[in-house]
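The values are calculated or read from the model by the stated rules, or taken from the named source; none is laboratory data. Keep in mind that what you see is a predicted model, and the values were worked out from it rather than measured. Ideal geometry is used to build each Cβ from the backbone, glycine not excepted, and the neighbour counts take in all protein chains shown.
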Amino acid sequence: MSVVSEMKRLSNLEANVEETESLDFDSRSMADQALMSKVLKNRRFSLDTEDRSVLARKTFWLIVAWLSCVVILLAFNSLWFRLSDSVLLMLLGTTTINIIGLAAIVLNGYFKHMNQNTDI
């Protein structure tokens, strides 16, 4: 089946979703069911990829902003803030843990499906 004819058939299937959903599941042809399943899987995969990309971008900018604030705080500590050493150590420790945790969460979201066998 050519790509153009499959795209036309796909658009016909998507246009008749309400009609298709009202029919009994057994009355649809197996080819239509397989094609609809593949379309839904591809759509879900596409949306997941877009969402992960947005999440990664937002997490990156959050980390950049947080690190910038910490660097400014450390740079101007002796002039304006005059925080004690224990407060600075706590700030650096929690910052390091937060950055590693956020990066781990984002990377885990990106690569958790790599081991699963998908037929998309």
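Which of the residues that make up the stretch 38-70 are closer than 18 Å to ASN98 by Cβ, surrounded by 11 or more Cβ atoms within 10 Å (Cβ to Cβ) and aliphatic (A, V, I, L, M)?
Within the stretch 38-70, LEU55, ALA56, LEU62, ILE63, LEU67, VAL70 qualify.
Looking only at the stretch 48-90, which residues are of a type in the set (A, V, I, L, M), closer than 14 Å to ILE105 by Cα and out of contact with any helix residue (DSSP H, G or I) (no Cβ under 9 Å at 6 or more places or on another chain)?
VAL54
Quick grid of which residues meet (1) of a type outside the set (Lys, Arg); (2) loosely packed, with under 10 Cβ neighbours inside 10 Å; (3) at pLDDT below 85:
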| site | (1), (2), (3) |
| --- | --- |
| SER11 | yes, no, yes |
| ALA15 | yes, no, yes |
| ARG28 | no, no, yes |
| ASN77 | yes, no, no |
| ASP85 | yes, yes, no |
| LEU91 | yes, no, no |
| ALA103 | yes, no, yes |
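If I ask for residues that are among the aromatic types (Phe, Trp, Tyr) and at pLDDT 90 or above, which ones from the stretch 53-69 would you list?
TRP61
Check ILE72 against each of (1) modelled with pLDDT of 85 or more; (2) under 21 Å from the mean Cα position of the chain (by Cα); (3) β-branched (Val, Ile, Thr) and name the one condition it does not meet.
(2)
Within the stretch 105-117, which residues are loosely packed, with under 11 Cβ neighbours inside 10 Å and either at pLDDT 70 or above or in a helix (DSSP H, G or I) (or both)?
ASN108, PHE111, LYS112
Name every residue in the stretch 36-52 that is of a type in the set (Val, Ile, Thr) and at pLDDT below 85, in order of residue number.
THR49
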